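The values are calculated or read from the model by the stated rules, or taken from the named source; none is laboratory data. Here the structure is a predicted model, which is why all the values come from computation and not from measurement. Virtual Cβ from ideal backbone geometry, glycine too; neighbours counted across all protein chains shown. Just so you know, the surface numbers come from the protein's heavy atoms only, side chains and all, with ligands and any DNA or RNA stripped out. Shrake-Rupley method; radii C 1.70, N 1.55, O 1.52, S 1.80 Å.
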Amino acid sequence: MADKHSSDLERGFEDKQAISDVTYTGGRQGSVDFEVSRAREIQNGFTPLRVLREGEEWLDAKLGVETQGIDRIPDDEKRPPAIINTFFIWWSLNLHVGTLPIGFLGPEFGLSLNQSAAAIVVGTFLGAMCTAYTGTLGPKLGLRQIACSRYSFGFYGAKLCSLLNVLVGGGFAVVNIVVCGQILSAVSDYTMTISVGCVIVAVISYVISVLGFTIIHTYEKYSWIAAFILLCVLLGQAGPHVSGSVPAQESGLALAGSFLSFLAISFSSAAGWCSIAADYYCNYPATTKSRTVFGLTLWGLTIPATFVTVIGACLSNAALSVAYPPYNDAYTHHGLGGLIREVYHPIGWSKFSLVLLTFSVMGNNIAINYSAGLSLQLLGHWFHAVPRFVWSFLVALVVAILAIAGKDHLSTIVSNFVSLLGYWAISFTLILLIEDKWFRRTEGYVLTVWNDPRKLPWGVAAVTSLLTGYLAGGVTGMAQTWYVGPIARKFSAFGGDVGIYLSAVFTIISYLPLRTLEKRMTGR
């Protein structure tokens, strides 16, 4: 839908649709809606929740902790950072050592360095397009990403998106924490266990995430700079042992299958942000041009993600394909953290670099903790009544436990988890895209009903299409270590992951007719 003037958005296109009856607890209409009223009622009636809310308000007064939660932000209450932040925030979210393990999978799948780089560039660009599009809904609607999805999935169907979003973010966070745990262990000459390192990173990430939108944008704007310099040095010091002349280990259909699988992982890594992008854009005014947000997000995500993932492929090439003994031994015995420690030299510089690189991952985990808390609040009024910092803490705790449990299986976690999230990401994006550009191309959005299940779509069409895309497309076309779908198996015994493409096709052909039927039956 083309950009509308903010006054049109605030009126909710009253000339197109009726406005929902909304209960207000006071103040300017639009500032406090039924969701806030109900959450406050629950908090006031249950002492522990009231105490937590008062504690959050005290933290807000002393430290500027954000207390807004999932509420829609009207244009006159928005506090937008500079628009260039929509470019640099993705540098901090992707320009860190937690992205390196994705690149490692290319040579592990038997691809040459050149083939790995090609899959990374194409896959990352296509995945970034998903995130760039969904982010454009944030300024237009003034809502968090999962709340935006209610206009497709409905009030109850969006709860499924909330849970999936938490799982996606948690998976990314587990990978990041394991890498940082390995790095901190390497800094201590392996006297400190990886588990202790995981706990340290989880705690620091949580504390910063509590501070909210403004602090996150400020942190993300600058945190990538040191990481960029250090990763350039890492590539330079590893360069003499990287060789692009090592051929692929596969050929024919097996090679095509490996390439498609790695391309799917690269796609998923970039597309995985599609369910949180608007969380960081909802403070921008509704008059912000969608093409500006789309372009800055697309390149802000593509450039750093490609850069770091290719470095990961180079390190994997040196340690596995070329099998340079010092690198191979370090990676075999101490994982990625041990390999990076070996690449940097001399040892004093290596340890200093590793410590700084640990902090580079914080930006990613901070965003994940922040958005996970918001997603859980969208599960219902009681969930909203619990302050965001409590949910973020529980997410950080679970992620730390999972990271400790999976610290010895990093490559398996990355390969299986990142591939799986692509099936959900492509379907989620296409459903929001079709809803926005086709079904709402003339009538727009009634913003005052964002939290009213009586006025929102039923969501049956969206949920059915999402499940159809995953089951009919993803399952038949996936290639995982634990399952290879019948279509993926056509490439080789290890398969070729084409689940993303099949998910996209099944989502499109199911959502258009189902949503048309739903709209005719319900008028929503």
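Checked against the criterion of being open to solvent by less than 40 Å² (accessible area, probe 1.4 Å), closer than 30 Å to P346 by Cβ and assigned to a helix (DSSP H, G or I), the candidates L234, L263 yield just one match: L234.
Among residues of region 173-189 being assigned to a helix (DSSP H, G or I) and open to solvent by 20 Å² or more (accessible area, probe 1.4 Å), the one that is farthest from L378 (Cα to Cα) is V187. Figure legend. Inter-residue proximity from region 161-172: first residues farther than 20 Å from G459 by Cα, second residues open to solvent by 30 Å² or more (accessible area, probe 1.4 Å) and in a helix (DSSP H, G or I), beta-carbon distance below 7 Å, spacing 6+ or different chains. Indicated pairs: G170/V398; G171/F417.
Is region 190-197 home to any residue that is buried (at least 20 other Cβ atoms within 10 Å of the Cβ), of a type outside the set (S, T, Y) and modelled with pLDDT under 95? Yes; the residues of region 190-197 include at least one that is buried (at least 20 other Cβ atoms within 10 Å of the Cβ), of a type outside the set (S, T, Y) and modelled with pLDDT under 95. Within region 429-439, being in contact with a Leu (Cβ under 8 Å, 6 or more places away or on another chain) and either among the β-branched types (V, I, T) or open to solvent by 20 Å² or more (accessible area, probe 1.4 Å) (or both) holds for I431, I434, W438.
Just so you know, in region 440-464 the residues that are over 22 Å from L421 (Cβ atoms), in contact with a Leu (Cβ under 9 Å, 6 or more places away or on another chain) and part of a helix (DSSP H, G or I) include one that is most open to solvent (accessible area, probe 1.4 Å), and it is V460. Does L467 satisfy being in a helix (DSSP H, G or I) and under 22 Å from K159 (Cα atoms)? So L467 fits the description; yes. Filtered by the rule that a residue be buried (at least 24 other Cβ atoms within 10 Å of the Cβ) and among the hydroxyl-bearing types (S, T, Y), region 266-300 gives S266, S268, S269, S275, Y280, Y281, Y284, T297.
Within region 301-352, the set of residues being open to solvent by 40 Å² or more (accessible area, probe 1.4 Å), of a type in the set (A, V, I, L, M, F, W, C) and over 28 Å from the mean Cα position of the chain (by Cα) comprises L320, V322, A323, I347, W349, F352. For the list (1) farther than 30 Å from L514 by Cα; (2) modelled with pLDDT under 90; (3) not charged (D, E, K, R), I need the number of the one condition that L167 fails. Evaluating L167 over (1) farther than 30 Å from L514 by Cα; (2) modelled with pLDDT under 90; (3) not charged (D, E, K, R) leaves (1) as the failure.
Hey, any hits in region 445-463 for a residue that's closer than 30 Å to S205 by Cβ and aliphatic (A, V, I, L, M)? No, region 445-463 has no match at all. There is at least one residue in region 67-74 that is open to solvent by 30 Å² or more (accessible area, probe 1.4 Å) and among the polar types (S, T, N, Q). A single member of I89, I84, I120 is touching a residue at least 60 places away in the same chain (Cβ under 8 Å) and open to solvent by 10 Å² or more (accessible area, probe 1.4 Å), and it is I84.
For (1) within 30 Å of V498 (Cβ to Cβ); (2) in a loop (DSSP other than H, G, I, E, B); (3) at pLDDT 85 or above, each residue gets a yes or a no:
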site: E57; (1), (2), (3): no, no, no
site: G69; (1), (2), (3): no, yes, no
site: T86; (1), (2), (3): no, no, yes
site: W91; (1), (2), (3): no, no, yes
site: S116; (1), (2), (3): yes, no, yes
